[in-house]
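Scroll down for the structure; my scribbles are underneath it.
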Ligand code: GAR
């Protein structure tokens, strides 16, 4: 038996790709990606799911302005696929306390900074790297953590530091943090938690 994984996305899906590649390479061996949930119908991540034979469902945030209705639709899909573990990989919608409580210690997220720096409400995507460069930090990185009702506030699972270099732009820094940190620690953490969940089943 394996841990059934759903990956939540909103955009390009390079972290989803890292998870798919890690499953193929046997780095993720205790879990299987069963479903991709996208909050946007135009996310390129959906193409990645399709190209790899993974089912996907779109629950548009725009077309579901009511949080409860949005989450009910997501839960329906998760139940249908008997999902054990949710991996947020560039998912740009905030989940309610009701939702995070329902999946307590069963949702993980990758954030592109060393939490508790440059995180919380309003810090997502390029904004995180803009803030890090504006502050002048010499080291940033990525964090994988459990998701609770506080944005980026759950227990930390893995972190990896990445050096900032002269001439970095938010785009250059984002790419380096993805390559050197996110695409490594997200699959690693996914395996750690999938394995733990199997042992507890
Ligand atoms: C990633 O850098 C991820 O860490 C970040 O968005 C990007 C999504 O890229 N997530 C957040 O900022 C969440 N607060 P991807 O779609 O190519 O994986």
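Throughout, read-outs are computed from the coordinates displayed, never taken from laboratory work. Please read all numbers here as calculations on a predicted model, not as lab measurements. Note: ideal-geometry Cβ built from the backbone for every residue, glycine included; neighbour counts use all protein chains shown.
Considering helices alone, the calculated mean residue ellipticity of the chain at 222 nm is -11000 deg cm²/dmol, with DSSP H runs of length four and up weighted by -39500 (n - 2.57) and normalised per residue. The protection proxy used here, the mean number of other Cβ atoms lying within 10 Å of each residue, ranks peptides 96-102, 84-90, 31-37 as follows, highest first: 84-90, 31-37, 96-102.
The fewest-to-most ranking of 104, 199, 180 by surrounding Cβ atoms within 10 Å reads 199, 104, 180. Computed over every Cα-Cα pair of the range 69-131 and binned at 10 Å starting from 0, the pair-distance distribution P(r) comes out as 18, 48, 25, 8 percent. With the biggest extent put first, the Cα atoms of the chain measure 49, 39, 32 Å across the principal axes. Less than 18 Å from a label point 7 Å out along the Cα-to-Cβ axis of residue 160: which backbone N atoms in the range 6-36 qualify, by residue? It comes to 13-29, nothing else. For the chain, a Gaussian network of Cα nodes joined below 10 Å ranks 66, 79, 166 by mean-square fluctuation, and the top entry is 166. Computed packing ranks the peptides 41-47, 21-27 as 41-47, 21-27, most packed first, by mean other Cβ atoms within 10 Å. Exposure proxy shown here: for 30, 140, the number of other Cβ atoms within 10 Å sets the order, fewest to most, as 30, 140. In this simple spin-label approximation, residue 121 and residue 80 carry label points 7 Å from Cα along the Cα→Cβ vector, and these lie 3.3 nm apart. Between the range 72-131 and the range 135-201, the C-alpha centres lie 13 angstrom from each other.
Using the alpha-carbon positions of the range 1-81, Rg (one decimal) and Dmax (whole number) come out as 12.9, 39 Å. Which of 51, 15, 64 ends up with the largest GNM mean-square fluctuation for the chain, with Cα atoms connected below 10 Å? Taking springs between Cα atoms under 10 Å, the residue moving most is 51.
Against the main long axis of the alpha-carbon atoms of the chain, helix 183-200 sits at an angle near 40°.
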